[in-house]
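Enquirer: Pasting a structure below so you can have a look.
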Amino acid sequence: MYGKLANYTMGNKTIDKYIAQFEHLLQKAGWDHTSRGSLFQFKKGLDRKIHLKVLQWEPMPAENLDEWEEAAQKEVEQ
């Protein structure tokens with residue numbers, strides 16, 4: 001299951017679908033939702049344009065998965 005998580009990307013999925021599937025894979029792999037590795041994998045798979053836009057936020061989201069998921073959703077809604 002780690003391989004699926006490590007290679008999972010947003011691709012042409014909606015942000016909600018990406019987050020839901022990412023959370024599912026995270027749970028299946030037994031990864032801690034709050035670990036830095038989980039956040040790293042989320043950012044790595046996130047659409048590059050969304051990722052770069054979130055990085056420009058002032059203030060930037062905290063370095064945790066919940067904040068980044070919320071920021072990505074807000075960015076897509078705009």
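The values are calculated or read from the model by the stated rules, or taken from the named source; none is laboratory data. Everything numeric here is computed off the predicted structure, so don't read it as measured data. Cβ coordinates were reconstructed from backbone atoms using ideal geometry, including for glycine residues, and neighbour counts include every protein chain displayed.
Enquirer: What number of residues within the range 34-78 satisfy the criterion of being farther than 15 Å from K17 by Cα, of a type outside the set (D, E, K, R) and in contact with an Asp or Glu (Cβ under 7 Å, 6 or more places away or on another chain)?
Expert: Here the count works out to 4.
Enquirer: Only one of (1) within 16 Å of K4 (Cβ to Cβ); (2) modelled with pLDDT of 95 or more fails for W31. Which number is that?
Expert: Condition not satisfied by W31: (2).
Enquirer: Which condition does P59 not pass, out of (1) touching a His at 6+ places or on another chain (Cβ under 9 Å); (2) at pLDDT below 95, if it passes all the others?
Expert: Exception for P59: condition (1).
Enquirer: Go through the range 1-59 and give me each residue that's among the aliphatic types (A, V, I, L, M), touching a Leu at 6+ places or on another chain (Cβ under 6 Å) and over 19 Å from V76 (Cα atoms).
Expert: Step one: filter the range 1-59 for residues among the aliphatic types (A, V, I, L, M), giving 1, 5-6, 10, 15, 19-20, 25-26, 29, 39, 46, 50, 52, 54-55.
Filter again for touching a Leu at 6+ places or on another chain (Cβ under 6 Å), leaving 5, 10, 25, 29, 39.
Passing the criteria: L5, L25, A29.
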